[in-house]
Each structure stands twice: as structure tokens, then as C-alpha cells.
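Visitor: Take this structure, written in C-alpha cells, and hold onto it; I'll ask about it next.
A short reminder: the numbers here are calculations on the coordinates, not readings from a lab. Remember, predicted model here, so these are calculated numbers, not experimental data. Every residue, glycine among them, receives a Cβ derived from its backbone with ideal geometry; neighbour counts consider all protein chains shown.
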């Protein structure tokens with residue numbers, strides 16, 4: 001990790017801003033820059049997810065009303081997340097192929113299917129953990145939602161980089 005950071009620092013010192021920006025926008029960016037770009041795309045997908053999940057959890061499938069039983073809040077947040085994940089995964093896929101990873105390891109159909117399958121696997125882990133944390137520990141819906149996001153980011157990055165896209 002320190003070697004990667006050191007090489008990135010050296011690259012920044014040795015180049016002007018135009019070269020650095022061109023490198024950042026390249027799909028062959030330094031691994032740390034690639035992860036930062038992935039994080040930015042992930043933030044866009046996360047915001048998309050929350051913009052769909054929150055209104056659903058507030059007004060359609062109430063998940064913030066603490067007068068409801070924990071099991072009901074857990075089920076409602078899961079339903080809202082299941083709806084939101086399709087849209088956030090679509091945003092993640094589009095931004096990832098446009099800015100972060102190289103397409104072409106697989107046919108477009110296999111690539112999209114793999115992307116959504118890996119997203120579903122990582123999302124499922126987080127989706128199971130969030131309601132479990134609400135039911136067992138009575139934790140906040142927001143903390144449960146955060147745990148889902150962290151779990152998804154870690155699993156998705158590794159799987160997408162290693163199995164879906166070209167290096």
C-alpha cells in the first residue's frame with residue numbers, strides 16, 4: 001500500500017495538472033486513482049440508492065416509525081432497498097464502464113449479467129445484515145443502512161476488478 005502511495009505521489013510531483021487529469025480520466029489510471037474514481041462512482045450510486053430508498057422508507061414502507069415493531073421496520077427497509085438497488089446498480093454500471101474499468105473481458109450481456117449478479121450477492125449480504133441488526137440489537141435504521149453500503153462497496157470492487165472487467 002505504501003509503495004502504491006509513494007508511486008502515485010511521485011507521479012503527481014513529476015507531472016503537470018493537464019497530464020495528471022488526463023491520467024485520472026484514463027481507464028489505465030494508477031490503482032489508487034482507480035479506487036478513488038470507483039469511490040466517486042459508488043458515491044453517485046449510493047446517492048441514487050438513498051434518494052429512492054429514503055422516500056420509500058418514509059412514506060410507502062415506513063421504516064423510521066419507532067412505534068412500529070422492529071420486525072416491521074426491518075421488513076419495510078428491506079423492501080425499500082430491494083426497489084432502490086436496481087436503480088443504483090444501473091448507475092454504478094454505467095459510470096464504471098464510462099470512467100473506471102475497461103469493458104470487453106466478456107460479451108456485453110455476460111458483463112451486465114455478471115455485474116448485476118455480483119451486486120446482488122454483495123447487496124444480499126448487506127440486506128440480510130441490516131434487518132438482522134435492527135431486529136437483534138434494535139439499532140437505528142440509518143446504521144443498518146450504512147452497514148449495507150460498506151459491505152457492498154468492499155465486495156463489489158474486488159469482484160468487479162478481478163472477474164468482470166479487463167485490467
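Visitor: On average over all directions, what projected area in square nanometres does the range 14-77 have, based on the convex hull of its Cα atoms?
Guide: 6.5
Visitor: R0 = 30 Å: FRET efficiency of residue 27 with residue 137, Cβ-based, nearest 0.05?
Guide: 0.10
Visitor: Using only Cα atoms, locate the centre of the range 41-80 and the centre of the range 138-164, then give the distance between them in Å, rounded to an integer.
Guide: 16
Visitor: Rounded to the nearest 0.05, what FRET efficiency do residue 163 and residue 108 give with R0 = 22 Å and r taken as the Cβ-Cβ distance? Could you check?
Guide: Efficiency computed from Cβ-Cβ geometry: 0.90.
Visitor: Taking 7 Å along the Cα-to-C-beta vector as the label spot, tell me the residue 51-residue 71 distance in nanometres, rounded to one decimal.
Guide: Those two pseudo-labels are separated by 3.6 nm.
Visitor: Normalised by the residues of the range 34-164, what does the relative contact order come to in percent, with Cα pairs under 8 Å and at least six apart?
Guide: Normalised by residue count, the contact order of the range 34-164 is 27 percent.
Visitor: Right, here's the next one. Whole number please: convex hull volume per residue, Cα atoms of the chain, in Å³.
Guide: Measuring per residue, one finds 120 Å³ for the Cα hull of the chain.
Visitor: Follow-up. Rounded, prolate or oblate: pick one for the range 96-167, where a ≥ b ≥ c are the square roots of the eigenvalues of its C-alpha gyration tensor, a/c under 1.5 means rounded, and failing that, prolate if a/b is larger than b/c, else oblate.
Guide: prolate
Visitor: Using only DSSP helix segments of four residues or longer, with each worth -39500 (n - 2.57), what per-residue ellipticity at 222 nm results for the chain after dividing by its residue count and rounding to 500?
Guide: Result for the chain: -25000 deg cm²/dmol, rounded to the nearest 500.
Visitor: Treat each spin label as a single point 7 Å out from the Cα along the C-beta direction, and report the residue 3 to residue 150 distance in nm.
Guide: For residue 3 paired with residue 150, the spin-label model returns 2.9 nm.
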